[in-house]
1. Just order 75-83, 94-102, 46-54 by mean Cβ neighbour count inside 10 Å, highest at the front, would you?
2. Determine which aspartates and glutamates satisfy two conditions relative to LYS37: a Cα distance under 15 Å, and not lying fewer than 8 residues away in the same chain.
3. So for the pair ILE29, TRP84, with labels modelled 7 Å out along Cα→Cβ, what separation do we get in nm?
4. What angle do you read, to the nearest 10 degrees and between 0 and 90, between the alpha-carbon axis of helix 124-133 and the longest principal axis of the chain?
5. Rounded to whole Hz and in sequence order, give me ³J(HN,Hα) for the stretch 207-215 from the Karplus expression 6.51 cos²θ - 1.76 cosθ + 1.60, θ = phi - 60°, writing x for Gly and Pro.
6. Which one, VAL103, LEU257, PHE9, projects farthest toward the positive side of the charge dipole computed for the chain from Cβ point charges (K/R +1, D/E -1)?
7. Quote the charge dipole size of the stretch 126-211 about the Cα centre in Debye, to the nearest 20; the model charges only the Cβ of Lys and Arg (+1) and of Asp and Glu (-1).
8. Which of PRO215, PRO67, PRO195 ends up with the largest GNM mean-square fluctuation for the chain, with Cα atoms connected below 10 Å?
Amino acid sequence: MSKHKSLIFKSILYFIMAVFLIITILPAIWMISTSLKFPQEIFAAEVSIIPNEVNWNNYVQIFERQPFARFLFNSAVMTFFIIWGRLILVSMAAYAFAKVKFVGRELLFLSCLATLIIPEQVNMIPNYITLAGWGLINTYPGIILPYFGLGVAFGIFLLRQHFLTIPEELRESALLDGCGHIRFFLQVVIPLSKPVISAYIIFVFLEAWNAYLWPLIVTHDIHMRPAQVALAFFQSEAGAEWGLIMAGSVIVTLPTLILFLIFQNKFIESITMSGLKG
C-alpha cells in the first residue's frame with residue numbers, strides 16, 4: 001500500500017514538474033520560432049510553432065538596420081569589467097570578514113548585509129549627479145563604476161560563508177611558513193573556492209548582461225547603448241516587425257543560455273560548499 005502511495009505521489013510530482021517545464025520553456029521556443037518566420041506567417045490566423053519556411057534574413061536584417069554588433073560589444077565590455085571589478089572587491093572583503101580579526105568586524109559585516117534592503121533605484125540619482133560632475137556620463141566608466149558598489153553584499157556573504165569553512169589549521173600552517181594574508185588568499189583560499197567563485201561569476205554575468213535601467217539613464221549616444229537598451233529602443237522603432245525583434249532577442253539571450261548550460265552544475269556545487277546547505 002505504501003509503495004502504491006509513493007508511486008502516486010511521484011506521478012503527481014513529475015506531472016507538476018512537467019507543467020512548470022512547459023510553462024518555462026514555451027516562451028523561449030515561441031521566441032525562436034517567431035524569429036525564423038516571415039511576416040505573413042507571423043500574422044496569419046493559423047498559429048504554428050514550427051515555421052512553414054525558415055527565414056534567416058531576420059538575423060541578417062537586425063545587423064543591417066541597427067549597429068547591433070556595437071551594442072553586443074558594449075554589453076561585452078560592460079559585463080567583463082563589472083565581473084572582474086566585483087570579483088576583486090567582493091573576494092577581498094569576504095576574506096577580511098572571514099579570516100582577518102579586527103575591531104568591529106561583525107558590526108561592519110552586519111552593516112554590509114543591511115544594504116540588501118536598500119533598492120538600487122534609490123542610488124541612481126546620487127550616482128548620476130556624481131558621475132555628471134566627473135564628466136563620465138555616456139562613457140564606459142560611467143556605466144560600469146556604479147556596479148562596483150551595487151549588489152556586492154550578496155557576493156560578500158556568499159564567499160564569506162565558504163571562506164569560513166576553510167580550516168584555520170591551513171592558515172596557521174601558512175603563517176608558520178611565513179605566508180602573509182595576501183599570499184594565503186591568492187595561493188590557498190582562491191584555488192579552494194573555485195566552485196563558489198564560478199557560481200558568483202555567473203550571477204554577476206546575468207546581472208550585468210541583462211542590465212537595463214542604469215545604462216538607459218546614463219547613455220545618450222546610440223553607439224554607447226548595451227544590447228538590452230538598444231533592443232528596447234529598436235522595439236519601439238520597429239513596431240510590429242516581430243521577426244526582427246525576436247531575432248534580436250535570441251541573439252541577446254544566447255550568451256546567457258550557453259553560460260548556463262556550461263556552468264549549471266556550479267550552482268549546486270557552490271551551495272554545498274558555501275555553508276548554506278541544510
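Read-outs throughout are calculated quantities, based only on the coordinates presented, and are distinct from any laboratory measurement. Just so it is clear, the structure is predicted and the values come from calculations on it, not from any experiment. Neighbour counts run over all protein chains shown; Cβ positions are idealised from the backbone, glycine included.
1. Working: 75-83: 18.9, 94-102: 16.7, 46-54: 10.1.
Ranking, from highest mean packing down: 75-83, 94-102, 46-54.
2. Here the aspartates and glutamates satisfying the reach criterion relative to LYS37 are GLU46, GLU53, GLU241.
3. A separation of 4.1 nm, rounded to one decimal place.
4. 80 degrees
5. 5, 6, 5, 9, 4, 10, 5, 5, x
6. The listed residue farthest towards the positive side: VAL103.
7. Numbers: 4 positive and 5 negative charges, 37 e Å.
The calculation lands at about 180 debye.
8. Most flexible of the set in this elastic network: PRO67.
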